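Please read the structure below before turning to the comments.
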């Protein structure tokens with residue numbers, strides 16, 4: 001018996017173990033007699049097998065994955081190395097109990113144990129003798145049972161019929177080996193050298209293509225002669241199946257010969273075409289190999305390329321796979337492997353380009369210059385993932401071109417809006433018909449460089465479907481730690497994106513997947529002030545529209561005051577897209593006048609603007625005088641920037657009920673309820689008669705009822721409006737406010753401050769009330785944007801009411817909550 005030892009795959013491969021001569025013992029009759037005489041242990045650990053039956057004398061490898069089985073093998077290997085092996089009645093049972101296993105099995109000797117990398121164990125077992133389970137003694141941590149010997153009735157040595165059956169089994173086994181292409185011919189020598197009749201029967205039974213039930217049936221026959229006859233019957237069935245299979249194969253061989261004939265004819269036809277002046281695919285492949293020598297790829301990519309070219313060479317040119325494989329190799333050759341454009345490190349020139357193309361946007365420009373500076377010092381910095389976040393029309397997309405020019409890199413843009421197929425990012429597997437690489441790899445190929453400025457436009461408008469989630473696929477693209485080996489399904493090999501400078505644009509952060517947002521550096525691009533819009537129009541929009549309409553400054557001139565009139569009266573946005581449309585309308589009027597030879601003013605006047613653009617439509621966001629009590633100006637944030645809104649309240653005789661109109665959302669309605677409860681609990685301190693509250697109904701309305709409104713920002717405005725109505729004190733003029741309230745009368749900070757401040761300035765607001773914690777947001781805004789504004793920072797509602805309500809001195813204001 002070989003020495004027992006524990007092996008790992010590092011020491012010995014499974015193939016070497018299976019081919020090791022030690023593990024295929026050819027038992028002599030003496031060896032078998034010795035095995036039969038060995039006494040059975042009184043108590044055996046029982047190992048259930050799913051789809052295998054172990055016969056005495058036979059060596060088989062078993063892979064154990066169940067925790068109980070691994071524990072049993074480890075314990076047995078450390079002790080006597082003897083276990084009982086039985087087969088399961090139902091192989092689908094994960095945790096077999098005594099009722100789930102056959103009671104006739106084989107005592108097995110553990111020969112070797114392999115620890116697999118996945119945590120499983122492969123154990124080499126040799127069957128000893130059969131046994132029958134008497135009673136199970138334990139079920140945990142694995143099965144154990146007392147066993148008794150399963151007696152075998154053997155024929156007499158002079159039984160001629162038995163010896164004839166054994167010889168027939170041996171001859172038929174050799175015949176099956178010859179007929180079966182899957183069995184190596186070396187197995188013939190093993191069969192011929194088996195001297196023991198019982199071992200021959202067991203060996204053949206173990207290796208026949210039978211079900212577990214049939215093999216268990218053979219193991220359960222205690223009469224050796226009967227078992228030999230049953231084995232011979234199964235072998236005859238196997239031989240008949242093989243003969244039938246070989247007959248079928250001989251009949252279809254003619255079809256294969258016909259295909260070979262067609263192949264040779266196609267080769268001859270190809271040669272004729274080459275003689276007539278065509279290009280052979282062999283020449284194409286050689287051209288590909290020559291082109292590959294000019295590529296700057298590493299050894300791994302070169303080996304992959306050579307493997308794919310060899311595969312193309314072996315493919316029939318008339319096969320559909322040939323075209324797919326050729327397209328794949330052409331993409332491989334067109335990609336810019338390790339080809340980079342040289343960055344320009346002239347920081348002053350870069351600053352000039354950014355200032356020339358974009359007015360304002362100081363944070364973005366500063367970030368680009370910082371990146372250039374670090375890149376100049378280190379020359380190996382991984383490119384950042386910038387996300388420009390802001391309302392439409394503020395120049396998020398166009399700044400990508402300026403960044404590319406400033407860096408001296410190629411510019412690539414991909415629109416992600418509405419994309420819902422993951423394959424658009426990762427590509428399709430090339431085995432599919434019409435397979436293509438993803439948009440990332442396609443754009444890199446178009447740029448012809450591995451370090452372009454890559455604009456991912458509208459990243460917040462990605463959607464998902466049954467085809468996958470593109471935003472999840474972008475996680476690898478936009479992670480500097482992963483994108484050095486970006487895997488495209490079509491390309492099938494990692495491509496380095498770490499030198500690409502990705503610039504994403506977004507109108508909203510809420511719809512971006514949190515993990516994706518975490519990978520990007522968010523740069524807020526809020527709306528422009530009126531002064532900035534006028535300057536942008538003068539420097540960029542007017543010259544652009546004149547050029548697009550075939551005019552020059554000699555044909556049309558628009559002054560600063562007129563541009564400001566257009567901005568204030570005809571646009572209501574954070575960006576400049578609507579402003580550009582209005583300027584285009586003025587330019588079109590001049591172009592029409594020139595073409596029709598009609599008189600017009602070269603210098604546009606205020607009257608011309610009203611005549612061409614009609615009456616101003618955006619005056620509604622201007623401040624309205626609070627001539628009556630209960631009207632308060634609030635500040636709101638929208639997807640297109642900041643805005644002002646008016647909150648109105650009035651009282652009427654009733655029972656103290658409250659009603660609300662104006663298409664208000666849940667949070668806004670809750671703010672109204674909180675404000676009213678605060679007033680009721682502090683009515684005396686606010687100077688409001690409790691009887692007024694109980695004998696009057698109050699109604700809150702926010703104009704523009706068709707527009708949905710929600711959010712906590714209007715909390716203090718709601719409360720101020722109600723206090724003004726109940727006290728009949730008018731709210732201070734040219735005053736706006738924003739902030740959230742609590743039942744205790746505290747004022748909480750809100751977001752979107754810069755957009756709200758710009759809206760207030762457009763509306764001619766002079767004073768603004770904010771939470772004290774929002775002061776840090778004001779400090780981040782340029783001082784010139786705040787010119788003409790006065791800020792009141794508050795922590796309590798008592799302070800708001802004291803500032804906002806004219807001639808109203810709140811009693812004991814310091815004592816208010």
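The table that follows gives values for the structure above.
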| quantity | calculated |
| --- | --- |
| Residue in the stretch 590-604 that is surrounded by 18 or more Cβ atoms within 10 Å (Cβ to Cβ), touching a residue at least 60 places away in the same chain (Cβ under 8 Å) and either touching a helix residue (DSSP H, G or I) at 6+ places or on another chain (Cβ under 7 Å) or under 30 Å from residue 652 (Cα atoms) (or both) present | no |
| Subset of the stretch 744-761 [under 42 Å from the mean Cα position of the chain (by Cα) and in a strand (DSSP E or B)] | 747, 748 |
| When residues of the stretch 318-330 are limited to those that are modelled with pLDDT of 80 or more and in contact with a helix residue (DSSP H, G or I) (Cβ under 7 Å, 6 or more places away or on another chain), the one surrounded by the fewest Cβ atoms within 10 Å (Cβ to Cβ) | 326 |
| Options 764, 817; residue that is surrounded by fewer than 22 Cβ atoms within 10 Å (Cβ to Cβ), modelled with pLDDT under 85, part of a loop (DSSP other than H, G, I, E, B) and in the same structural domain as residue 637 (by the TED database) | 764 |
| Filter result (surrounded by 14 or more Cβ atoms within 10 Å (Cβ to Cβ), under 46 Å from the mean Cα position of the chain (by Cα) and not in a strand (DSSP E or B)) within the stretch 101-131 | 116, 120 |
| Spans of helices (runs of 4 or more DSSP H) in the stretch 12-99 with at least 2 residues at pLDDT 85 or above and surrounded by 18 or more Cβ atoms within 10 Å (Cβ to Cβ) | 67-78 |
| Inter-residue pairs, beta-carbon under 7 Å, first at positive phi and in contact (Cβ under 8 Å) with a residue 12 or more places away in the chain and in the stretch 445-466, second exposed (fewer than 14 other Cβ atoms within 10 Å of the Cβ) and part of a loop (DSSP other than H, G, I, E, B), 6+ apart | 458/417 |
| Residue count for the stretch 640-655, restricted to those that are surrounded by fewer than 16 Cβ atoms within 10 Å (Cβ to Cβ) and either in contact with a helix residue (DSSP H, G or I) (Cβ under 6 Å, 6 or more places away or on another chain) or not assigned by the TED database to the domain that holds residue 693 (or both) | 0 |
| Selection within the stretch 77-99 - out of contact with any helix residue (DSSP H, G or I) (no Cβ under 9 Å at 6 or more places or on another chain), farther than 22 Å from residue 38 by Cβ and without any contact (Cβ under 8 Å) to a residue 40 or more places away in the chain | 92, 94, 99 |
| Among the candidates 551, 556, 546, 586, residue that is within 27 Å of residue 390 (Cβ to Cβ), buried (at least 16 other Cβ atoms within 10 Å of the Cβ) and in contact (Cβ under 8 Å) with a residue 24 or more places away in the chain | 586 |
| Residue 336 more than 31 Å from the chain's Cα centre (by Cα) and in a loop (DSSP other than H, G, I, E, B) | no |
| Residue within the stretch 149-171 that is under 23 Å from residue 96 (Cα atoms), surrounded by 21 or more Cβ atoms within 10 Å (Cβ to Cβ) and touching a strand residue (DSSP E or B) at 6+ places or on another chain (Cβ under 6 Å) present | no |
| Subset of the stretch 463-478 [assigned to a loop (DSSP other than H, G, I, E, B) and in contact with a strand residue (DSSP E or B) (Cβ under 8 Å, 6 or more places away or on another chain)] | 478 |
| Candidates 743, 719 - the one that is within 18 Å of residue 680 (Cβ to Cβ), in contact with a helix residue (DSSP H, G or I) (Cβ under 9 Å, 6 or more places away or on another chain) and loosely packed, with under 15 Cβ neighbours inside 10 Å | 743 |
| Flag for residue 396 being within 26 Å of residue 754 (Cβ to Cβ), assigned by the TED database to the domain that holds residue 494 and not in a helix (DSSP H, G or I) | yes |
| Search result, residues across the stretch 338-350 that are in contact with a helix residue (DSSP H, G or I) (Cβ under 6 Å, 6 or more places away or on another chain) and surrounded by 16 or more Cβ atoms within 10 Å (Cβ to Cβ) | 343, 350 |
| Qualifying residue in the stretch 374-382 (condition: under 24 Å from residue 441 (Cβ atoms) and without any contact (Cβ under 8 Å) to a residue 40 or more places away in the chain) | yes |
| From the options 422, 410, 458, residue that is within 22 Å of residue 382 (Cβ to Cβ), in contact with a strand residue (DSSP E or B) (Cβ under 8 Å, 6 or more places away or on another chain) and either at pLDDT 85 or above or outside the structural domain of residue 329 (by the TED database) (or both) | 410 |
| Residue identified as more than 22 Å from residue 221 (Cα to Cα) and in contact (Cβ under 8 Å) with a residue 12 or more places away in the chain among 54, 72 | 72 |
| Only listed residue being in a helix (DSSP H, G or I), touching a residue at least 24 places away in the same chain (Cβ under 8 Å) and out of contact with any helix residue (DSSP H, G or I) (no Cβ under 9 Å at 6 or more places or on another chain), chosen from 260, 240, 216, 249 | 216 |
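The values are calculated or read from the model by the stated rules, or taken from the named source; none is laboratory data. Remember, predicted model here, so these are calculated numbers, not experimental data. Cβ atoms come from the backbone with ideal geometry, glycine included; neighbour counts cover every protein chain shown.
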